[in-house]
Amino acid sequence: MKLQQLRYIWEVSRHNLNVSATAQSLFTSQPGISKQIRLLEDELGVEIFARSGKHLTRITPAGQSIVDLAGEVLRTVGIIKEVAQEHSNERCGNLSIATTHTQARYALPPLISEFTRKYPDVSLHMQQGTPKQIAQMVCEGLADFAICTEALELFTDLILLPCYRWNRCILVPKDHPLTQVDTLTLEDLAEYPLVTYVFGFTGRSQLDDAFRNSGLKPNVVLTAADADVIKTYVRLGLGIGIVAHMAVDSELDSDLVPLDASHLFESSTTKIGIRRGTFMRGYMYDFVQRFAPHLDRDTVDAAMAAGPRSEDSLFNNVELPVR
């Protein structure tokens, strides 16, 4: 059994059993991958992939167990390399962040700027997706950190570190009637078409819960994962926008009026998700604490050492900053 063979079956499973696409991603030949998979199956005495002619059709039950273990082996090999690199050059390496548009566009830029100046030899990669996609990337070892608000709790392989709380505001044009209302109510909002986040993005669930608990049905006419897209359609008159307060730029959005809505909705908490067993490089600890100052190295280590979801108890009495 060779490490290369384990990498091939793992990558083939990630590429939807497309050997050609796998070969392209690994810069090798399709026949070479197929041959090594056959050799591994012959050695183990089981089929990892079922076939129809030359095409792989599905992963067998035994094959799924083997693929899962192969993924663990490859991650362990990666950790071994990281341990060696940490001792040979602690300021050189890679850091991959998976996050949503709102975090990438509004929360992370100052941190990224500081971090890259301090660690010029760390190659920083940022991937965007839905919260579930982001969490899955980290669970599969394709990213180091997942930074978002929704869905991380669904993945028990992740350590969840609460970073900060935030709430929403209503965006309207300057001549909109709501600018004359002293204190907004959900009934006021229900009278207008709404433009807001796609369900599962950026605390959307709190918005839906607030309307439902008040017996109101919001008239959501358009949803988007991108706060800038929401603003565009507010400007076009499609409806009033509901966005994260951090997504409002006083200069770039000077044609719109942000109205406080923190009294209407429960605050949301942005978290960092880290896969259990991840080897934390020194610069990774630094990144986390720069993003959330209360998450020092000892706190992160304690959370990493805690059992599944028991890390939550570490933060019961922590007053999170508000953005």
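The values are calculated or read from the model by the stated rules, or taken from the named source; none is laboratory data. Keep in mind the model is a prediction, meaning the values are calculated, not measured. We place every Cβ from the backbone using ideal geometry, glycine too, and count neighbours over all the protein chains shown. Ligands, DNA and RNA are stripped out before the accessible areas are found, and what is left, the full protein with its side chains, is counted by its heavy atoms. Shrake-Rupley method; radii C 1.70, N 1.55, O 1.52, S 1.80 Å.
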Summing -39500 (n - 2.57) over every DSSP H run of at least 4 in the chain, dividing by its residue total and rounding to the nearest 500, the 222 nm mean residue ellipticity is -12000 deg cm²/dmol
Sorted list, accessible surface of protein heavy atoms, 1.4 Å probe, largest first, for Thr100, Thr185 is Thr185, Thr100
Candidates Pro109, Pro177, Pro162; GNM for the chain (alpha-carbon contacts under 10 Å) flags as most fluctuating Pro177
Karplus ³J(HN,Hα) for region 126-136 (6.51 cos²θ - 1.76 cosθ + 1.60, θ = phi - 60°; Hz, whole; x = Gly/Pro) runs 10, 10, 10, x, 6, x, 5, 5, 4, 4, 5
Output for region 187-257: chymotrypsin sites (Phe, Trp or Tyr not before Pro) sitting in coil per DSSP, at most 14 other Cβ within 10 Å, listed by number, reads Phe199
Here the tail fraction of P(r) beyond 37 Å, over all Cα-Cα pairs of the chain, rounds in percent to 31 percent
Expected field for Ser25, accessible surface area in Å² at 1.4 Å probe radius, rounded to 10, holds 50 Å²
With +1 on the Cβ of every Lys and Arg and -1 on the Cβ of every Asp and Glu, the dipole magnitude of the chain about its Cα centre, in debye rounded to the nearest 20, is 1120 debye
Note on region 198-323: contact order normalised by length, alpha-carbon pairs under 8 Å, 6 or more apart, percent, works out to 19 percent
Trypsin sites (Lys or Arg not before Pro) in region 36-111 lying in a DSSP loop, each with at most 12 other Cβ atoms within 10 Å of its Cβ, come to Lys54
Ranking Leu3, Val288, Met246 by how far each Cα lies towards the positive end of the charge dipole of the chain (+1 on Lys and Arg Cβ, -1 on Asp and Glu Cβ), the top one is Leu3
Sorted by chain and then number, the residues having a modelled amide H within less than 5 Å of the amide H of Gly93, at least 5 places away or on another chain, are Val122, Ser123
For Leu124, the accessible surface traced by a 1.4 Å probe with all protein chains present amounts, in square angstrom to the nearest 10, to 50 Å²
Dividing the mean separation of Cα pairs under 8 Å (6+ apart) by the residue count of the chain yields a relative contact order in percent of 20 percent
Expected field for Asp253, accessible surface area in Å² at 1.4 Å probe radius, rounded to 10, holds 10 Å²
Once Tyr192, Tyr285, Tyr164 are ranked on solvent-accessible area with the largest value leading and a 1.4 Å probe, the list reads Tyr192, Tyr285, Tyr164
Region 24-136: antiparallel bridges as % of DSSP beta bridges, rounded to 5, reads 35 percent
Residue by residue through region 277-284, the couplings from Karplus 6.51 cos²θ - 1.76 cosθ + 1.60 with θ = phi - 60°, in Hz, x for Gly and Pro, are x, 5, 7, 8, 6, x, 5, 6
Here region 246-256 yields Karplus 3J(HN,Hα) values (6.51, -1.76, 1.60; θ = phi - 60°; whole Hz; Gly and Pro given as x) of 5, 7, 9, 9, 4, 8, 5, 10, 5, 7, 10
Per GNM of the chain with C-alpha springs under 10 angstrom, the most fluctuating residue out of Val83, Val300, Val195 is Val83
Order by accessible surface, 1.4 Å probe, largest leading, for residues Met137, Met280 comes to Met137, Met280
